[in-house]
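What follows is one structure encoded as structure tokens, with my remarks underneath.
The values are calculated or read from the model by the stated rules, or taken from the named source; none is laboratory data. The structure displayed is predicted, hence computed values, not measured ones. Heads up, the Cβs are rebuilt from the backbone with ideal geometry, glycines too, and the neighbour counts pull from every protein chain shown. For the accessible areas, the whole protein counts, side chains as well, though only heavy atoms, and no ligand, DNA or RNA atoms are used. Shrake-Rupley method; radii C 1.70, N 1.55, O 1.52, S 1.80 Å.
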Amino acid sequence: MTCHARVCDLPAEPGAGLLFLDLGSCAREWNLTARVRAWMKDNPRSRVLLYVPLVDREAEMHAMFDLASLGAAHVMTASDVDRREVWATVLARQAQGPLQDEIRADFAQAVGALARPLPAAPLVLALLTETPSVTDVHATMAKALGHPDPKSEAARRCVWKRLRRAGQMPASRLLVLFRLLWYARLAAAGWVPGAIASFLGFRSPRQLRLTFRRRLELPIRQLHALTYDDLVRWTARACVMGVEMLGRPAEVQAGDAFAGHNK
């Protein structure tokens, strides 16, 4: 590629890598977006870093938005390059692929053990897989439906109707359950709370804890006492029950979560 890019090999699955693009050098390449899209297609587990030094501001900003629309780009400024926490987040994203496969397999096994269908299964599984990178939950699920404009109001209504018709919980409720599941898996892997919060898109561990407490209406101490395996089973049961779960009091939901833990 003639755009002054370099691929940094990282500990990841075969074929995966990190593409670092210095937009100060390559923003005006006429086929930049097409070539990056092709590279991403050949390296589906990869991440793309867009370095924006603002040497050629107009061209760099235009290229940045074009490449960001591909959906797998992380933007770095000149000050970001020297910040350790920024690189820590980038490397964490690189580890996302194997974790996605593991969590999805564990969840599918737990659902299978319940011998009941999973309502709106394609949407639920797509959201589970993409949980760490979700910024718009309806857009993420609309992409799974193949909607031509995932960020539109029409796409949001389409997702809402599909979940409601299937008897599944709202998208926002599913997202907080899956964030809790990812939190438990990352904590079990030895990640510190700050790194987990950042990876899941929160400003701080406190914001993450408050989200769990407010949205799930479950005591934080109880949630901390649960293992990843407990939460896999509980989340699977909640998703299989769908809207049935929403009508159950918080203390009953907590009892469901602890049913396997206390055996």
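Condition first: touching a residue at least 24 places away in the same chain (Cβ under 8 Å), within 18 Å of THR135 (Cα to Cα) and open to solvent by less than 60 Å² (accessible area, probe 1.4 Å). Now tell me which residues in segment 202-228 satisfy that. Lay out the reasoning, then the answer.
First, the residues of segment 202-228 that are touching a residue at least 24 places away in the same chain (Cβ under 8 Å): 208, 211-212, 215-219, 222-223, 225-228.
Imposing the further condition that a residue be within 18 Å of THR135 (Cα to Cα) reduces the set to 208, 211-212, 215.
Of everything in segment 202-228, those that are touching a residue at least 24 places away in the same chain (Cβ under 8 Å), within 18 Å of THR135 (Cα to Cα) and open to solvent by less than 60 Å² (accessible area, probe 1.4 Å) turn out to be LEU208, THR211, PHE212.
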Exercise for the section: Could you tell me whether segment 158-176 includes any residue that is open to solvent by less than 30 Å² (accessible area, probe 1.4 Å), modelled with pLDDT of 90 or more, farther than 18 Å from CYS239 by Cβ and out of contact with any helix residue (DSSP H, G or I) (no Cβ under 6 Å at 6 or more places or on another chain)? Expected result: no
Handout entry: Residue match in segment 20-43 (condition: in contact with a helix residue (DSSP H, G or I) (Cβ under 8 Å, 6 or more places away or on another chain) and modelled with pLDDT under 80)
Key = no
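Restricting to segment 130-163, name every residue that is part of a helix (DSSP H, G or I) and in contact (Cβ under 8 Å) with a residue 40 or more places away in the chain.
So in segment 130-163, the residues part of a helix (DSSP H, G or I) come out as 130-133, 137-145, 153-163.
Result: THR131, PRO132, SER133, ARG162, LEU163.
Scan segment 107-120 and give yes if some residue there is assigned to a helix (DSSP H, G or I), open to solvent by 30 Å² or more (accessible area, probe 1.4 Å) and of a type in the set (Phe, Trp, Tyr), otherwise no. Explain how you work it out, then say what you get.
If we filter segment 107-120 for residues that are assigned to a helix (DSSP H, G or I), which is where we start, we get 107-113.
From what's left, open to solvent by 30 Å² or more (accessible area, probe 1.4 Å): 108-109, 112-113.
Going one step further and asking which of them are of a type in the set (Phe, Trp, Tyr), we end up with none.
Checked against the condition, which is being assigned to a helix (DSSP H, G or I), open to solvent by 30 Å² or more (accessible area, probe 1.4 Å) and of a type in the set (Phe, Trp, Tyr), segment 107-120 yields no hits at all.
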Completion exercise
Note on segment 141-170: residues of a type in the set (D, E, K, R) and in contact with a Leu (Cβ under 7 Å, 6 or more places away or on another chain) are ARG162
Handout entry: Residue match in segment 48-71 (condition: surrounded by 16 or more Cβ atoms within 10 Å (Cβ to Cβ), outside any helix (DSSP H, G or I), small (Gly, Ala, Ser) and at pLDDT below 70)
Key = no
